[in-house]
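First up is the structure itself, then whatever we jot down about it.
The values are calculated or read from the model by the stated rules, or taken from the named source; none is laboratory data. Since the structure is predicted, the reported quantities are computational estimates derived from the model, not experimental observations. Glycine also receives a Cβ, built like all others from the backbone with ideal geometry; neighbour counts cover every protein chain displayed. Areas reflect the complete protein model, heavy atoms only, side chains present, ligands, DNA and RNA absent. Shrake-Rupley method; radii C 1.70, N 1.55, O 1.52, S 1.80 Å.
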Amino acid sequence: MTYTPHKPPIAESPDELRQRIPGWGVDLDPRDRPSVPKLQFQEDFTGAHWKFPERQPEKYPRERSVEHGMLTPVFGTAQPPSGVAGAIRRYAYHYSEGRAAHWLLLLAADRVDAWEHHLKSFLTLRPDNPITETGVKAELTHHGLRSRIGQHRTDLKHQVLDPVIVGGAWIAAAGAVYSGARSVARSLAHVGSDAHRPVH
Amino acid sequence: MRAMVYRGPYKVRMEEKDRPGIEHPNDAIVRVQLAAICGSDLHLYHGMMPDTRIGHTFGHEFIGVVDEVGSSVQNLAVGDRVMVPFNIFCGTCWYCARGLYSNCHNVNPNATAVGGIYGYSHTTGGYDGGQAEYVRVPFADVGPSRIPDWMADEDAVLLTDATATGYFGAQLGDIVEGDVVIVFGAGPVGLVAAKSAWLMGAGRVIVIDHLDYRLEKARTFAQAETYNFTEYNDIVLEMKKTTDWLGADVAIDAVGAEADGNFLQHVTSSKLKLQGGSPVALNWAIDSVRKGATISVMGAYGPLFSAVKFGDAMNKGLTIHTNQCPVKRQWPRLFEHVRNGYLKPSELVTHRVPLEDIAEGYHIFSAKLDGIIKPLVVPTAA
C-alpha cells in the first residue's frame with residue numbers, strides 16, 4: 001500500500017485482462033506507439049517534395065503574429081479583416097501572443113464583428129434570426145426535457161445563462177434604444193411646452 | 001456551394017458561399033462526403049476562441065473526393081477518396097521533419113503557439129473547414145491519405161481527429177503494464193483514450209464524467225470502470241480511496257476548456273471568457289494522481305491563462321505531457337487496430353445531421369440532448 005514499498009495489487013492479472021479486453025497490451029512495447037519518442041526525424045517528409053514550400057500569393061496585407069519571422073508560405077484567406085472589428089484585429093496583432101492584450105483585443109473584436117454583421121444582416125433579405133440560428137427548436141424535437149430531468153447533470157446550473165449570452169445584449173440594446181428615444185421625446189415635448197410660455 | 005457559417009456565439013446557419021479555389025500549387029479542393037462536429041468546435045460555437053470571425057465555416061474532421069488539384073500535386077488525383085487529418089502541415093519545417101505535424105510552422109501566420117487547423121478560427125490560420133460541400137486542402141501531397149477499400153466511411157471520418165487524438169492521449173500518459181489510468185471526460189476522445197489505455201497495458205481504467213449515458217458508453221465501448229462525479233462530494237478523494245490512498249499512475253484530461261464540476265471555473269471561462277479554459281478536469285487530474293505520476297492533456301484550451309493548480313503539480317513531481325495530435329503519424333498503427341477490431345470508432349456515432357439542419361445539430365451537441373456522443377454532418381452535394 002501507499003505507506004509501504006509495494007504498489008497496491010491490481011484485481012485482474014494480465015491474462016485475465018487479455019481475455020476480457022480485445023487487444024489488451026498490443027501496444028505495451030513503447031516501440032509500437034507511433035508518437036514515442038516525441039521527436040522522430042521523418043526521412044520521407046510525409047510526401048513533401050520541397051525543402052521550403054512555394055509561397056502562396058499575398059493578395060491583401062495578411063495579418064500575422066509578430067512572433068513569426070515572416071509570413072508563412074501558406075495561409076488561410078477566409079474572412080479577411082474588415083470594418084471596425086477588422087481594425088481592432090489588425091491592432092491586436094501588434095502585440096505578441098505572450099501579451100493578454102493580444103487575445104483580449106481579439107475577443108473584443110469578435111463581439112464587435114458579431115454586432116456589425118447582425119446589423120448589416122437587417123439590410124439583407126436574410127436577417128439574422130435567433131430562433132433558427134440557435135437551433136433551439138431541437139429542444140422540442142430531440143427530447144429537451146427528457147435529456148435533462150432526472151439526470152445527474154451538473155451543466156444544468158449554468159445552461160440557464162446561455163439565453164442571456166445570446167439574447168442579453170439584444171435586450172439591453174433594445175432597452176437602451178427605447179430609453180434613449182423616450183428621453184429625446186420628453187426633451188422635445190419639454191422644449192415644445194417651453195415655447196408656449198410667456199417670456200418676461 | 002452550401003456551407004455551415006458562424007453568426008456569433010451560439011448561432012450558426014447554412015449559407016451559400018463561393019466554392020473555394022486553388023490558392024497554392026500544392027492545394028487540392030475536396031468535395032466533402034462526410035464531416036463531423038467535434039467537441040472542440042463547441043469552444044468556437046460558444047465564442048471562446050479568440051479571432052473566430054463571422055462567416056467562418058467550422059469543421060476539421062472530414063472525408064471526401066478530390067475535385068481539383070493544384071499544378072504541383074503529385075500524390076493525389078481527381079476522383080481519389082481521401083481522409084484528411086485535422087492538422088494542416090507542410091511536411092518539411094523543423095517540427096514536421098520531426099513528426100510534430102500539429103506544430104507545423106509554415107501554415108499559420110496568426111500564431112506561433114499552435115499549428116494550422118481546418119475551420120478552427122484565425123488563431124489556427126484562418127482556413128475555412130469541412131462542414132461544407134467543398135473545402136480547400138493545402139499541402140495535398142502531405143496531409144490527406146486515400147481511404148483504404150476495407151475501411152468504413154464512419155471509421156475514416158473519426159480517424160481524422162477524435163480517434164487519433166484519443167489514441168495519442170493514451171500515448172502521452174507513458175502507460176506501463178499494470179498502471180491505474182483515470183480518464184476525465186467520456187466524450188469520443190476520452191472513450192478512445194480509455195480503450196487505448198488497455199491496448200498499452202493498463203491494469204485498471206477509470207472514466208469520470210457527469211453524463212450517465214456517456215458513462216454507460218464508457219463501460220460498453222471501453223470496458224472501463226466509471227464514476228459520475230456528481231454522485232460524490234469530492235471526486236479527488238474518491239479516487240484516492242479507490243487506489244488505496246496512492247492515487248492513479250496516469251491521468252488523461254480529455255475534457256479541456258469547458259470542463260464542468262466547478263461553477264466559478266466554468267462560468268469565468270465558458271461564459272465570461274476570462275480564462276482560456278476551465279481547468280476543472282486538469283486540476284482534478286493533478287490532485288487524483290500519485291506523486292511522480294504522468295498527466296496527459298489533449299483536451300483543447302484557449303490561448304488565455306487558466307487557473308491551474310500548478311503548485312500541486314510541481315510539489316508532486318508530476319510529468320505533464322501535452323499536444324494537439326499529429327494525426328497522420330498515428331494512422332498506420334491505428335489502421336491496424338481498426339482492421340483487427342481493437343478499436344471501433346463508428347460505434348461512437350449517434351447522430352447524422354444534414355447541412356441544412358446544422359443549427360439544430362450544434363444545439364443538440366452543445367446542450368447534450370438526445371444521448372448525443374458524436375454527430376456527423378452530411379453535406380447534400382455528396
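Tabulated values for the structure
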quantity	calculated
Region B:222-352, relative contact order in percent, only Cα pairs under 8 angstrom and at least six apart counted	21 percent
Per-residue mean of C-beta atoms belonging to partner chains within 10 Å, peptide B:73-79	1
Theoretical gain in end-to-end length, B:Ala113 to B:Arg352 [0.36 nm per residue, Cα-Cα removed]	82.7 nm
Three principal axis lengths of chain A [C-alpha, angstrom, descending]	105, 57, 44
For region B:188-317, projected area of the alpha-carbon convex hull averaged over all directions, nm²	7.8 nm²
Cα-based convex hull volume of region A:1-93 per residue, rounded to whole Å³	313 Å³
Dimensions in Å of the protein assembly as shown - Rg and Dmax from alpha carbons	24.9, 108
Value of relative contact order over chain B, rounded to a whole percent, pairs C-alpha under 8 Å and six or more apart	18 percent
Chain A: relative contact order as a whole-number percent, Cα under 8 Å and 6+ apart	9 percent
The protein assembly as shown - mean residue ellipticity at 222 nm from DSSP helices (-39,500 (n - 2.57) per run, n ≥ 4, rounded to 500)	-9000 deg cm²/dmol
Average other protein chain Cβ within 10 Å of Cβ, residues A:60-72	4
Chain pair B, A: total accessible area buried, heavy atoms, 1.4 Å probe, Å²	9000 Å²
Set of lysines with alpha-carbon distance to B:Lys17 below 22 Å, sequence-local pairs under 8 removed	A:Lys59, A:Lys120
Amide H partners (placed H, <5 Å) of B:Phe62, local residues excluded	B:Val84
Cleavage-rule hits (chymotrypsin sites (Phe, Trp or Tyr not before Pro)) in region A:88-142: DSSP loop, at most 15 neighbouring Cβ within 10 angstrom	A:Phe122
Accessible area of chain B divided out per residue, in Å², using a probe of 1.4 angstrom	27 Å²
Net charge, B:His337 excluded, C-beta distance under 12 Å - Lys, Arg +1, Asp, Glu -1	+1
Highest-fluctuation residue, B:Asp234, B:Asp174, B:Asp41 considered, GNM on chain B with Cα pairs under 10 Å	B:Asp234
Portion, in percent, of the accessible area of the protein assembly as shown that falls on carbon or sulfur, probe 1.4 Å	58 percent
Members of A:Lys7/A:Lys157; B:Lys271/B:Lys344; A:Lys157/B:Lys240; A:Lys51/B:Lys11 lying beyond 32 Å, as alpha-carbon distances in this model show	A:Lys7/A:Lys157; B:Lys271/B:Lys344; A:Lys51/B:Lys11
Gap separating the Cα centres of region B:15-85 and region B:340-382, nearest whole Å	18 Å
